[in-house]
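The structure appears below as structure tokens.
The values are calculated or read from the model by the stated rules, or taken from the named source; none is laboratory data. Source: prediction; values computed, not measured. Cβ coordinates were reconstructed from backbone atoms using ideal geometry, including for glycine residues, and neighbour counts include every protein chain displayed. Remember, those area values only see protein heavy atoms, side chains included, never the ligands or the DNA or RNA. Shrake-Rupley method; radii C 1.70, N 1.55, O 1.52, S 1.80 Å.
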Amino acid sequence: MRFLKEVSVPNLCDAGAKVLKDIKPINKNQKIIFGEAITVKTTSNDWGTTVKAISYGRNKIIVIDAEGEKTAIWGGLATLNAKLKGVIAVVIDGSVRDVEEINNLKFPVFSKYNVPNAGKPLDMGEINVPIVCGGELINPGDIIVGDCNGVAVIERSKINEVIENVKKIKEKEDLIKNRIMRGMDLRDILKL
């Protein structure tokens, strides 16, 4: 899986990964990150479950279905805690706040919305259950990949297939780049 560091989310989507619609990085210059998903199903008013998930997230990416944008279920304190506990990143189909603090911590957070108000520590959600995030089904253990372009999911059972596909795509792109650098027109290379 280390090969994933050498590609981009667009490359992976071309190779069969599924894009999580409307989920964007807080840091516009986000470098590629990847890892296994630990999933969280909660509401847009419950940040308690998301904070609880940090305890299980070491070397994983926390992926949260928070059902909407009403209040933030992730912020600066959760980010600091996650970073210190070894969480790779957080992906939220919902809202986040404390964007400046998150950027200062240089911790990868991807979300659908930014709002200034927070929910409550209700702890009424579930951890490590199938969820829908960005319109795609995500199971615990699926592979999540994110960068400055957005976030994608690769089903655990399809990771080898996607990696093989992306290797072929990268080889083809390298040939095309080479031809462009030698003065050829992309239109001619693609026979358009």
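Can you tell me which of Lys60, Lys52, Lys83 is among the charged types (D, E, K, R) and either farther than 16 Å from Val129 by Cβ or crowded, with 24+ Cβ neighbours inside 10 Å (or both)?
Exactly one residue qualifies, and that residue is Lys83.
Tell me, please, whether a residue that is hydroxyl-bearing (Ser, Thr, Tyr), under 13 Å from the mean Cα position of the chain (by Cα) and more than 21 Å from Met124 (Cβ to Cβ) can be found in the range 1-24.
Initially, the range 1-24 is screened for residues hydroxyl-bearing (Ser, Thr, Tyr), giving 8.
Restricting the remaining residues to those that are under 13 Å from the mean Cα position of the chain (by Cα) gives 8.
Adding the requirement that they be more than 21 Å from Met124 (Cβ to Cβ) leaves 8.
For the range 1-24, residues hydroxyl-bearing (Ser, Thr, Tyr), under 13 Å from the mean Cα position of the chain (by Cα) and more than 21 Å from Met124 (Cβ to Cβ): present.
Any chance you could count how many residues in the range 96-129 are within 23 Å of Gly141 (Cα to Cα) and touching a Ser or Thr at 6+ places or on another chain (Cβ under 9 Å)?
Going through the range 96-129 one residue at a time, the tally reaches 11.
Step by step: first the residues of the range 34-48, then only those that are touching a Lys or Arg at 6+ places or on another chain (Cβ under 9 Å) and outside any loop (DSSP other than H, G, I, E, B), then the one that is farthest from Ile127 (Cα to Cα). Which residue is that?
If we take residues in the range 34-48 being touching a Lys or Arg at 6+ places or on another chain (Cβ under 9 Å) and outside any loop (DSSP other than H, G, I, E, B), then Phe34 is farthest from Ile127 (Cα to Cα).
Taking the options Gly68, Gly16, name whichever one is in contact with an Asp or Glu (Cβ under 8 Å, 6 or more places away or on another chain), open to solvent by 20 Å² or more (accessible area, probe 1.4 Å), not in a helix (DSSP H, G or I) and not aromatic (Phe, Trp, Tyr).
Step by step, each of Gly68, Gly16 is checked, and only Gly16 is in contact with an Asp or Glu (Cβ under 8 Å, 6 or more places away or on another chain), open to solvent by 20 Å² or more (accessible area, probe 1.4 Å), not in a helix (DSSP H, G or I) and not aromatic (Phe, Trp, Tyr).
Here is a yes/no grid of residues against (1) among the aromatic types (Phe, Trp, Tyr); (2) at pLDDT 95 or above; (3) within 17 Å of Val151 (Cα to Cα):
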position: Ile26; (1), (2), (3): no, yes, yes
position: Phe34; (1), (2), (3): yes, yes, yes
position: Thr49; (1), (2), (3): no, yes, no
position: Lys70; (1), (2), (3): no, no, no
position: Lys85; (1), (2), (3): no, yes, no
position: Val90; (1), (2), (3): no, yes, yes
position: Val99; (1), (2), (3): no, yes, no
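Find the residue count for the range 91-119, including only residues that are surrounded by 14 or more Cβ atoms within 10 Å (Cβ to Cβ) and not in a strand (DSSP E or B).
Residues flagged as surrounded by 14 or more Cβ atoms within 10 Å (Cβ to Cβ) and not in a strand (DSSP E or B) within the range 91-119 amount to 11.
Among the numbered criteria (1) part of a strand (DSSP E or B); (2) surrounded by fewer than 21 Cβ atoms within 10 Å (Cβ to Cβ), which one does Leu122 miss?
Among (1) part of a strand (DSSP E or B); (2) surrounded by fewer than 21 Cβ atoms within 10 Å (Cβ to Cβ), Leu122 violates only (1).
Which condition number does Val51 fail, the rest of (1) of a type outside the set (Gly, Ala, Ser); (2) in contact (Cβ under 8 Å) with a residue 60 or more places away in the chain; (3) more than 16 Å from Asp123 (Cα to Cα) being met?
All conditions are met except number (3).
If you go through the range 133-140 one residue at a time, do you hit one that is surrounded by 14 or more Cβ atoms within 10 Å (Cβ to Cβ), acidic (Asp, Glu) and in contact with a strand residue (DSSP E or B) (Cβ under 6 Å, 6 or more places away or on another chain)? First the steps, then the outcome.
The first filter runs over the range 133-140 and keeps only residues surrounded by 14 or more Cβ atoms within 10 Å (Cβ to Cβ), leaving 133-134, 136, 138-140.
Filter again for acidic (Asp, Glu), leaving 136.
Now drop any that are not in contact with a strand residue (DSSP E or B) (Cβ under 6 Å, 6 or more places away or on another chain), which leaves 136.
Yes, the range 133-140 has at least one match.
Restricted to the range 163-185, and to residues that are more than 17 Å from Lys5 (Cβ to Cβ) and among the hydrophobic types (A, V, I, L, M, F, W, C), which residue is surrounded by the fewest Cβ atoms within 10 Å (Cβ to Cβ)?
Within the range 163-185, the match that is surrounded by the fewest Cβ atoms within 10 Å (Cβ to Cβ) is Met181.
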